[in-house]
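Novice: My questions will all concern the structure given below.
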Amino acid sequence: MYPYLTLFAVISLFAGLAFVAFTNYLSIHSNIRAFLREFLYMFTTTYVIIGLIFRLSFIPTGSMEPETIKVGDKVVIWKMAYGARIPETLLQIPFAEKKYYKGLKLPYLRLPGYTKPKQNDIFIFNSPYEVVEHNRDMAQPFVKRLRVGPLQTFKRINGRIFIKQKDGSFLLQMLPAHAILNQKYLIELKGFRFMNKAISHLKKLGAYEVTTIGENTFLITTTKAVARKLKHNKTEVESIEPYYVPPVRSFRVTFKDTLRDKATQMSYFGVEQLKVYTWEKNNTYSVQANKAQFEALKQSPYIENIVTIAKKTRYFDYEQEGDRHLSFVECIGGNEDQLPEITVPGKTLTIPINKETLNIYGHVIKWHDNAHNNDKIEIDPVEGTLTINGKKQDHYTFKQDYYWGEGDNQPHSADSRSWGFVPHNLVIGKATLVVASNKNSYFLIDLLTFRIRWNRILKPINTDTISAMHLQLLLLLVILLSIGLFVMRRRRKHDA
């Protein structure tokens, strides 16, 4: 680590000496020299602050709603918490997303931090699956809640996470009191004649998303508090219950000859809400279905035969081929609300190499764990083999920690359920403070049209002592910088 810091200091020193020589010996007007000096001071200060201390991040998606982080929030990401990463990509266009030269970059380097990512931290990291196409520090940033840490074993039942204890039992993971999650509910209304009117009414009552299931029956996304209010609304609501995607099983379904058109068969699966299907031959498909869907298929006049398929998993990779890119949880035999027992990898964890372990951990071994070593990784998911630099491996020991991150808006969040574990070398920092918030993309327009969320300005994201400390340090830093710049200007005027 320190040789790179020395190199950075030497380059900075030579750059400073070159600038001094340029301003002293080039015969230009003194005001221009003063301007260039001030520009260099400001540029260096800004570079150090944004690169190593904190950054402002605009939140374009609603994965952390309803309350933690809203669309339009401007969030302070505190880089010093977990240790700031030295920028790897040298040639890039500032503030232009993913406009850079890929061939020239520095080795990965992270400065020491004063803490490690902990359970329930709101942290920001670069997209794990974009490392296939982009440099690590140029991949899209995501903000999620850290739900499970390295070396912890957990499972997911009906949308809730249970973490394995030392005695082998599983304990429900408790969220902090200020954390509010969006969940799915199945609601039936009383006598709304027009569908659009019913949907509009549900959104006014607090539903985040509304999907029509049947006449007066809807699948909505909302909080527990709103669901409780709706349950007591006896004049408009017939019933409301939590909804979870149930465990699914695989079946081989054959249509009757009376329904031979492939487009119609695919349409039938869509109507029955069967999300995953693979055409095999003629009128036969491999289908994943829950118990209710299976019973409906048995009663269907179009189905000739249904055969249960032994449960299989498949190798997950960012470069999957096919019409439908399966999510990580689907590949290991689960879904967004149900997940079998799984251990989050961490430094020193050793696993045997076989089909089962490569299905779960192969993608992080291939794309993340050996990223610093430039090892040649070859994985054969069919044979269940791992080869590193031409040597077949029986076991593998992880070289860094990983995390399981999810959005608070659980039904509408792309997170670890989609692309697996988050490696430590992609972590940017901890989200600590909302400095400003507006409802549209352009802050100035919202300011002029009074669409600023004033109640979210300078709002800590985590209402704990650490976040309060970050706020105080940030304000102190701004005050010290202001005083320093003021003193420097006064001295220049006095010298002149």
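Novice: By the scheme Lys and Arg +1, Asp and Glu -1, what is the net charge of all other residues having a beta-carbon under 13 Å from that of G362? Present the calculation step by step, with values, prior to reporting the outcome.
Specialist: On the way: positive: R314, K355, K366; negative: D317, E319, E356, D369, E378, D380, E383.
Once positives and negatives cancel, what remains is -4.
Novice: Using the alpha carbon gyration tensor of the stretch 362-431, what are the three equivalent-ellipsoid semi-axes (square root of 5 times each eigenvalue), largest first, in whole Å?
Specialist: Value: 28, 15, 8 Å, ordered largest first.
Novice: May I ask you to derive the FRET efficiency for S267 and E238 from their Cβ-Cβ distance with R0 = 22 Å, giving the value to the nearest 0.05?
Specialist: For R0 = 22 Å, the calculated efficiency reads 0.15.
Novice: To the nearest 20 debye, what charge dipole does the stretch 180-222 have about its Cα centre, counting +1 at the Cβ of each Lys and Arg and -1 at the Cβ of each Asp and Glu?
Specialist: Computed about the Cα centre, the dipole is about 160 debye.
Novice: Compute the convex hull volume of the Cα atoms of the stretch 165-228, divide it by the residue count, and report the result per residue in Å³ as a whole number.
Specialist: Taking the convex hull of the Cα positions in the stretch 165-228, it is 114 Å³ per residue.
Novice: Could you tell me the relative contact order of the stretch 140-243? Use alpha-carbon pairs under 8 Å, at least six residues apart, and round to a whole percent.
Specialist: It rounds to 25 percent for the stretch 140-243.
Novice: Something else now. Roughly speaking, what is the centre-to-centre gap between the stretch 235-255 and the stretch 86-162 when only Cα atoms are used, to the nearest Å?
Specialist: So the separation of the two Cα centres works out to 35 Å.
Novice: What residues from the stretch 123-160 fall in the zone where the backbone N is under 18 Å from a label point 7 Å along the Cα-to-C-beta line of L91?
Specialist: Residues 134-138 fall inside that zone.
Novice: Under 11 Å from the Cβ of H412, count the other residues' Cβ atoms, weight Lys and Arg +1, Asp and Glu -1, and hand me the total.
Specialist: -4
Novice: Stretch K224-Y101 to full length: gain in nm at 0.36 nm per residue minus the Cα-Cα span? Kindly include the intermediate steps, with their values, before the conclusion.
Specialist: Working: separation 123, 0.36 × 123 = 44.28 nm, distance 4.75 nm.
Full extension of this stretch gives 39.5 nm more.
Novice: Summing Lys, Arg as +1 and Asp, Glu as -1, what charge do residues with Cβ under 11 Å from the Cβ of V71 carry, V71 excluded?
Specialist: +1
Novice: Next up: At N216 and Q140, where each label point lies 7 Å from the Cα along Cα→Cβ, what is the point-to-point distance in nanometres?
Specialist: So the two model labels end up 4.1 nm from each other.
Novice: So, one more: Hey, if you put +1 on the Cβ of every Lys and Arg and -1 on every Asp and Glu Cβ in the stretch 100-248, which of I199, Y114, Y244 ends up farthest toward the positive end of that dipole?
Specialist: The one lying farthest along the dipole's positive direction is Y114.
Novice: Something else about it: Length gain on complete extension for the stretch K392 to K231, per 0.36 nm per residue less the alpha carbon to alpha carbon distance?
Specialist: Once the chain is fully extended between K392 and K231, it gains 52.1 nm.
Novice: Something else: Less than 18 Å apart at the alpha-carbon level, and either on another chain or at least 8 residues along: which aspartates and glutamates does that give for K281?
Specialist: Those aspartates and glutamates meeting the cut-off are D257, D261, E304, D323.
Novice: Shifting gears a bit: How much accessible area per residue does the stretch 80-176 have, counting only protein heavy atoms and a probe of 1.4 Å, in square angstrom?
Specialist: Working: 4960 Å² over 97 residues.
Averaged over the residues of the stretch 80-176, the accessible area is 51 Å².
Novice: Okay, next question. Just how far, in whole angstrom, is the stretch 381-415 from the stretch 68-82 if you go by their alpha carbon centroids?
Specialist: Centre-to-centre distance over Cα atoms comes out at 27 Å.
Novice: Now a separate question. Share of Cα-Cα pairs in the stretch 319-424 beyond 16 Å, in percent?
Specialist: 60 percent
Novice: Applying a 10 Å radius around every beta-carbon, put 136-143, 297-304 in order of their mean neighbour count, most first.
Specialist: 136-143, 297-304
The values are calculated or read from the model by the stated rules, or taken from the named source; none is laboratory data. What you see is a predicted model, and the numbers here were worked out from it, not measured in a lab. When we count neighbours, we look across all protein chains shown, and the Cβ atoms used for this are built from the backbone with ideal geometry, even at glycine. The area values use the complete protein model at the heavy-atom level, side chains included, leaving out ligands, DNA and RNA. Shrake-Rupley method; radii C 1.70, N 1.55, O 1.52, S 1.80 Å.
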